[in-house]
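Comments concern the structure below.
The values are calculated or read from the model by the stated rules, or taken from the named source; none is laboratory data. If you're wondering where the values come from, they're calculated on a predicted model, not measured in any experiment. Methodologically, a virtual Cβ is constructed for each residue, glycine included, from the backbone with ideal geometry; neighbour enumeration extends over all protein chains shown.
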Amino acid sequence: MNNSFTDAYEKILCRPPADVAETEGNFPDVSSPSAAAEADLQAWWAAVPPGSRFTSREGHRLEVHHPGRKNTGPGPDFTHAQIGFNGEIIRGSVEIHRHAGGWTAHGHHTDPRYNDVILHVIPETDPSPGTVHTRTGRCVATLRLPVRRAGAEEDLPLVPAPLPARCRDIYGDEPSAMAGLLWLAASWRILQKARALAERAAAAGMEQALYERIMVACGWGGNEALMEALARAVPCERLRQMARQHHRLPEAALFHMAGLFPESPPDNDPDTLAYWTELRGLKEQYLPGLKRLRDAPFPVRGRPMNRPERRLAAAARIIVRTAVHGVEDTLLKPWYAIPANSALQTARQLVALFEVRHGFWESRCGWTGKPLSRPVALLGSDRALSMAGNIAIPLALAHARVRGSVNLERRIAECLRNFPAESDSAPLKWMRERIFAGHYPFKPGFAMQQGLLQLYRDWCGFNLTCEDCPVPSALKRLPDGLPREAQSR
């Protein structure tokens, strides 16, 4: 059977996701010069050029193969660093402090997120002789970095420029081989999402599986796990029942369970008071015994436009939109239009399904404060596009596979090829610089971005020196353009 989604990528390139925090046996004690460890780096250390050599306080011969990538979230300052310890390349995280005592003062010695740190970098001017340890008791190598003048480090970039990937020299000015490889990676990535969706649907039903993915996609500031817990605490069928009772009842339920519904009425403006009063009345009438989620209230972090109240309201509006026909049928409807939609029309209709309106929350970022000067969509165009590409297209593919519809699967592939690109995320910007020297050699699209993200996950994101990377050899084996062997199941 000829199809457009294939496992060919898995056979030639896929590898298990990189696990920085490996088993404890991979992190030997570095108290003696003959031992080695794994680490991550930070701040001005990021500007240390590859090939730089140092000696750690413990006597280890260090060679920087790559200083790592700046970590903007919780955990060590740099991740995926590659450092030679006495001739052996070690991968891990690096933590940098102005004073050695910062390791203990910040609680890193009890925090499991720092168990993979292989190097602790401090200025040579720090007189502290102390040795730092991870939560597991492993001694971390310490590097006293030379500092020539006060403030000199602050002028150095916080993020190292990515090393040019070796595959850049192979595809050169002819991007057809790279385009074929990215399609293999993208189609496999979407296929895996379709399989994961089908697996969850087998356990909880397709409506619930889709609802959980919608809630997670509406997550904010690292709270995606809380959104998934909320989706399982208030099942999709129950929320659809609420929507049929009153279109604002799902909002009342989600706000209350997330701990984001004020106990007392806001006093900032009449519209807010009227909205709060309406939700409270609905909650008391229909949901008198509803309890909060155990982890409530949800933490509020991130940009004001991504406040949890706005994201929960968006999720509630999507469920209200699908209350009558169901989430699955609503998301599949564009594929069965008569006459049939073009690939671009289908893509636009799928994105539109996630563009929701809400008169109150489009003009506010929270329960308090002044209204916004102009309405702002609850879900930006990029988020709506991402949800359509990562939820609706995998659903359609899973549906086509269940029906055995080769024609539908080909239409899905054509839609994926024509699906518009998102704005480049940080990993995509990094990949664009590393592989394409900052400029895409072909028109970017959602499929190409998915392919790049898959390569980033499997190889480029952690294998910063291209060591043992199979991508260059795979490029040489691929025929021009989209590979024909990718068309078979």
Subject >> Test: Met242 is touching a helix residue (DSSP H, G or I) at 6+ places or on another chain (Cβ under 9 Å), farther than 25 Å from Ala398 by Cα and either modelled with pLDDT of 95 or more or among the aliphatic types (A, V, I, L, M) (or both) >> reply: yes
Original post:
Restricting the search to region 291-308, which residues are over 20 Å from the mean Cα position of the chain (by Cα), closer than 14 Å to Leu226 by Cβ and not hydrophobic (A, V, I, L, M, F, W, C)?
Top reply: Arg292, Arg294, Asp295, Pro297
Subject >> Filtered residues of region 191-229 (kept if buried (at least 17 other Cβ atoms within 10 Å of the Cβ), within 19 Å of the chain's Cα centre (by Cα) and of a type in the set (D, E, K, R)) >> reply: Lys193, Glu212, Arg213
Subject >> helices (runs of 4 or more DSSP H) wholly inside region 230-293 that include at least 3 residues being aromatic (Phe, Trp, Tyr) and surrounded by 13 or more Cβ atoms within 10 Å (Cβ to Cβ) >> reply: 270-286
Original post:
What number goes with the only condition from (1) at pLDDT 80 or above; (2) out of contact with any His (no Cβ under 6 Å at 6 or more places or on another chain); (3) outside any helix (DSSP H, G or I) that Ala177 does not pass?
Top reply: (3)
**OP:** Could you tell me whether any residue of region 34-51 is at pLDDT below 75, within 22 Å of Thr134 (Cα to Cα) and of a type in the set (Phe, Trp, Tyr)?
**Re:** yes
**OP:** Looking only at region 60-110, count how many residues are surrounded by 15 or more Cβ atoms within 10 Å (Cβ to Cβ), part of a loop (DSSP other than H, G, I, E, B) and either under 22 Å from the mean Cα position of the chain (by Cα) or acidic (Asp, Glu) (or both).
**Re:** 5
Original post:
Among Leu385, Leu378, which is closer than 18 Å to Gln449 by Cα and either among the charged types (D, E, K, R) or in contact with a helix residue (DSSP H, G or I) (Cβ under 8 Å, 6 or more places away or on another chain) (or both)?
Top reply: Leu385
**OP:** Determine if region 8-19 includes at least one residue that is modelled with pLDDT of 80 or more, surrounded by 15 or more Cβ atoms within 10 Å (Cβ to Cβ) and touching a Lys or Arg at 6+ places or on another chain (Cβ under 9 Å).
**Re:** yes
Subject >> Close pairs from region 236-260: first in contact (Cβ under 8 Å) with a residue 40 or more places away in the chain, partner assigned to a helix (DSSP H, G or I) and among the aromatic types (Phe, Trp, Tyr), Cβ under 8 Å, at least 6 apart >> reply: Cys236/Tyr211; Leu239/Tyr211; Met242/Tyr286; Gln245/Tyr286; His246/Tyr286
Original post:
Of the residues Glu328, Glu309, which is of a type outside the set (Lys, Arg) and more than 22 Å from Asn407 (Cα to Cα)?
Top reply: Glu309
